[in-house]
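**Student:** Structure below; questions to follow.
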Amino acid sequence: MLQQVDAAIAFTVVMLMLSLMVTAAVQVVTALTDLRGRNLASGLENLMSQIDPEFREKLPDGSSTIAQHIAQVVVKHPAIAHAGTRAKAVGKGELMTVLRDLSSDKPAAAIQEDAKVKLRASLNESVPGVGQSAAAISKLERGVGQWFDIVMDRLSDIFTRHTRVITVTLTVLFVVSLHIDSGEILRQITSSPDVRAKLVALSDNTLSQTDKTFENTEPATVAIAEIRKHHPNRAGEPQIMAALDKVPTHLTRCADGNKALAEAAKTLPDAEPLLDEFDHACQGKTGQAVDNAYDQIRSLSHSLETTGLQISPAEINGQSVFDSVADWGAAYGVGRHFAGTLATIFLLSLGAPFWFNALRQLSNLKPAISEKISKKESDK
């Protein structure tokens, strides 16, 4: 019985480690392509176009619309972006501060004059206040207040869909290019006590590594935790701590964290500074993900090598797999191997959280089974 449990734990460890490699690779790709920054620029363009139809007009040189130009300038503004990169997130208050700066006589970022004129006109045009406020506000400020959350929610969904496509694509490329056969992996685990024992011994370390990876995929959760450290429960700040305690755990996206924090901070006299602090922290955690991802891929790969498990088979039915392109393709003519790679793609598509929970449950189950077996033997 224990042998079967160990085999299940060992196989789950392998699937979890491979899933973590895919997750880390997704982080690298999204960072290298600046997917978050481009996504934010696209959302801000839609926001500006929604606020004022005049922002949809083309600039005199025809290079882009005013909305497109303003969005690109905003995401590269030094107040919210790191040098040479686009901002990954922006709060409502931060956005208004940046837009006011861009409409000023000496903005901190270069903006075309025609776009500045339109932006300044929208800021200077007063409209009646909404909600409980009767005071007049600028057309731009009212537009940001009305549409910001709606556009950012949609933007977050778009980013999630793009990430899923990248994840599926990388999973297929990873498995197919390396001929990762889950059937062959299971055969090695069940037939080699040494490989099985080494993989079982890696279970605790793999769970710890998974927690670190989830920190990269849940920057909003980590950002909330970081803000808690900066706001100890001292006189004058119990309301802030109470708001932070209301924010749910396991928030993946910065937009989700901002939305949850805004809802939790409704009772605060002025929530904007707290929301801006969160956006800065979440953006910083997102930017660190690529460096951490490289380290995770190397660490996971090295850990698998030490077990002696062959993730990529050198031979299939006695024929070499990687000696030539022809051999690589011919290996997929073997039915059981082709089925094994398809099974691997399906298993990895379940995602690292699935395998993490499975490994944790199996690890908790083993001591109980060991105790039950020992009790039976002692009763004999």
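The values are calculated or read from the model by the stated rules, or taken from the named source; none is laboratory data. Everything quoted here is computed from the prediction, not taken from an experiment. Backbone-built Cβ (ideal geometry, glycine too); neighbour counts: all protein chains shown.
**Student:** Across segment 305-329, which residue is surrounded by the most Cβ atoms within 10 Å (Cβ to Cβ) among those that are touching a strand residue (DSSP E or B) at 6+ places or on another chain (Cβ under 8 Å) and assigned to a loop (DSSP other than H, G, I, E, B)?
**Tutor:** Here the residue is V321.
**Student:** Quick one: would you say V73 is buried (at least 19 other Cβ atoms within 10 Å of the Cβ), more than 15 Å from A115 (Cβ to Cβ) and of a type in the set (A, V, I, L, M, F, W, C)?
**Tutor:** Considered against the rule, which asks whether it is buried (at least 19 other Cβ atoms within 10 Å of the Cβ), more than 15 Å from A115 (Cβ to Cβ) and of a type in the set (A, V, I, L, M, F, W, C), V73 comes out as no.
**Student:** Same structure, new question: Can you find a residue in segment 203-222 that is crowded, with 19+ Cβ neighbours inside 10 Å, in the same structural domain as A271 (by TED's automatic domain parsing), part of a helix (DSSP H, G or I) and at pLDDT 80 or above?
**Tutor:** yes
**Student:** Tally the residues that are touching a residue at least 40 places away in the same chain (Cβ under 8 Å) and in a helix (DSSP H, G or I), restricting the search to segment 40-52.
**Tutor:** Result for segment 40-52: 9.
For every residue, the table says whether it meets (1) at pLDDT below 85; (2) closer than 19 Å to G145 by Cβ.
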| site | (1), (2) |
| --- | --- |
| E45 | no, yes |
| L59 | no, no |
| V73 | no, no |
| H82 | yes, no |
| K88 | yes, no |
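**Student:** Confirm whether Q27 is over 30 Å from K88 (Cβ atoms), assigned to a helix (DSSP H, G or I), out of contact with any strand residue (DSSP E or B) (no Cβ under 6 Å at 6 or more places or on another chain) and polar (S, T, N, Q).
**Tutor:** no
**Student:** Restricting attention to segment 126-133, does a residue exist that is closer than 30 Å to F346 by Cβ, of a type in the set (V, I, T) and surrounded by fewer than 13 Cβ atoms within 10 Å (Cβ to Cβ)?
**Tutor:** There is no residue in segment 126-133 that is closer than 30 Å to F346 by Cβ, of a type in the set (V, I, T) and surrounded by fewer than 13 Cβ atoms within 10 Å (Cβ to Cβ).
**Student:** Being part of a helix (DSSP H, G or I), at pLDDT 90 or above and in the same structural domain as H337 (by TED's automatic domain parsing) is the requirement here; does L119 meet it?
**Tutor:** Spelling it out, it is not the case that L119 is part of a helix (DSSP H, G or I), at pLDDT 90 or above and in the same structural domain as H337 (by TED's automatic domain parsing).
**Student:** Taking the criterion of being more than 18 Å from R38 (Cβ to Cβ) and in contact with a His (Cβ under 7 Å, 6 or more places away or on another chain), would at least one residue in segment 58-74 satisfy it?
**Tutor:** yes
**Student:** Which numbered condition in (1) outside any helix (DSSP H, G or I); (2) closer than 18 Å to R298 by Cα is the only one that L20 fails?
**Tutor:** (1)
**Student:** Which residues, taken from segment 147-196, are part of a loop (DSSP other than H, G, I, E, B) and more than 18 Å from A343 (Cβ to Cβ)?
**Tutor:** Correct list: S192 only.
Conditions (1) surrounded by fewer than 21 Cβ atoms within 10 Å (Cβ to Cβ); (2) outside any helix (DSSP H, G or I); (3) without any contact (Cβ under 8 Å) to a residue 40 or more places away in the chain, marked per residue:
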| position | (1), (2), (3) |
| --- | --- |
| Q4 | yes, no, yes |
| A8 | yes, no, no |
| V13 | no, no, no |
| R38 | yes, no, no |
| A79 | yes, yes, yes |
| A87 | no, yes, no |
| K106 | yes, yes, yes |
